[in-house]
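Below: one structure, written as structure tokens.
The values are calculated or read from the model by the stated rules, or taken from the named source; none is laboratory data. Because the structure is predicted, anything quoted here is derived from the model rather than measured. Quick reminder, even Gly has a Cβ in these numbers, built from the backbone with ideal geometry, and neighbours come from all protein chains shown.
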Amino acid sequence: MGYLLAALLGGFFVFNSQATPKKAEKIAVSALQKRFPGAQVDVAIEGKRGLNVVRGKFTKVRVTLAHFGTLSELPLQVSDGQQMRKSGGKKRAPSEGRVGLLELQLRDFLWNDLRVDAADLTFRDVVFDRDLLKKQGRISIISSGAATAHLTIPAASLEALMRSRLKDVQEARLTLQNGQVSVVGKRPAPLVGVLVPFTLTANLATRNGNEIWLDEPQVKVGDVPLLAALTNSLVGDVNPVYVFDRAKKWPFLVQLTAVQTVNNKLELTGNLTFGASPAAPAPTSP
């Protein structure tokens with residue numbers, strides 16, 4: 001998301017003392033449209049005119065971006081607010097820009113290979129290094145208050161993941177209803193190899209903060225329920241269904257707080273803690 005914020009704020013520093021939030025909105029929209037041709041863009045900015053705009057200080061910034069393609073990484077870094085940088089032979093703290101409330105409303109995009117219908121991200125009390133943004137176009141977050149995220153993921157996205165992992169299941173179809181995931185298809189019967197109906201049902205749960213798991217799975221091959229040991233072995237190829245920041249390279253800790261299934265879509269809610277240790281927690285056993 002870093003380049004979104006950079007595109008949004010980078011053009012503000014050309015303003016003089018007559019700068020206004022409305023002018024900043026126009027520059028932000030233009031910058032984002034150049035970065036994402038064909039995307040639907042809307043920007044709303046609240047704050048005082050004049051030097052506050054020039055200094056990158058705003059009360060509220062809301063960005064809505066739809067149909068813009070793929071996000072493959074988060075080019076966002078966290079700096080130590082106490083860390084001093086060399087400038088002209090002298091050490092000094094980075095200059096600070098501030099956004100009281102930053103809202104990013106992203107619609108219809110790919111997160112790597114995962115289709116996302118909507119992502120609503122909210123950051124409060126964001127302090128960033130204004131010099132790095134102005135000179136290098138990079139966002140370096142010095143500090144951030146409470147940050148939350150809400151994602152809506154269509155069943156088709158999870159269906160693609162399931163198909164890639166349940167390799168013996170043919171014509172797999174996935175649905176999300178009533179807090180459960182259901183996968184139906186066809187699978188070769190043991191020994192004879194004849195295709196028979198396959199059904200997997202399970203609850204969806206969050207584990208280890210940033211992982212989505214199938215919980216309490218039940219599997220039928222034909223009309224015969226599989227034993228628990230066979231079911232767990234099969235689901236072991238699926239779990240975890242998805243891991244946010246698997247490589248632990250993001251500048252914030254993801255803590256999923258809720259998972260729901262509504263209208264054949266997966267709804268995820270979580271907290272983002274900037275500057276938290278990225279060390280992986282001990283894995284949770286199935």
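Brief remarks on what is shown
- The sole residue among Arg163, Arg124 that is modelled with pLDDT under 95 and either under 24 Å from Val219 (Cα atoms) or β-branched (Val, Ile, Thr) (or both) is Arg163.
- Residue satisfying all of: in the range 15-35; among the β-branched types (Val, Ile, Thr) and either closer than 18 Å to Phe109 by Cα or within 28 Å of the chain's Cα centre (by Cα) (or both); modelled with the lowest pLDDT among these: Ile27
- Taking (1) surrounded by 17 or more Cβ atoms within 10 Å (Cβ to Cβ); (2) part of a strand (DSSP E or B); (3) at pLDDT below 90 in turn, Pro94 satisfies each apart from (2).
- Only listed residue being under 22 Å from the mean Cα position of the chain (by Cα), closer than 21 Å to Arg246 by Cβ, surrounded by fewer than 17 Cβ atoms within 10 Å (Cβ to Cβ) and of a type in the set (A, V, I, L, M), chosen from Leu158, Leu151, Leu110, Leu101: Leu110
- Selected residue [under 20 Å from Ala156 (Cα atoms) and in the same structural domain as Asn232 (by TED's automatic domain parsing)] from Val219, Val183, Val192, Val196: Val183
- Hits in the range 183-242 - residues which are among the β-branched types (Val, Ile, Thr), in a loop (DSSP other than H, G, I, E, B) and either in contact with a Pro (Cβ under 6 Å, 6 or more places away or on another chain) or at pLDDT 90 or above (or both): Val238, Val241
- Test: residue in the range 154-171 that is free of Cβ contacts under 8 Å to residues at least 24 places away in the same chain and part of a strand (DSSP E or B): yes
- Top-ranked residue of the range 36-60 - restricted to ones that are more than 18 Å from Phe123 (Cβ to Cβ) and modelled with pLDDT under 80, ranked as surrounded by the most Cβ atoms within 10 Å (Cβ to Cβ): Val53
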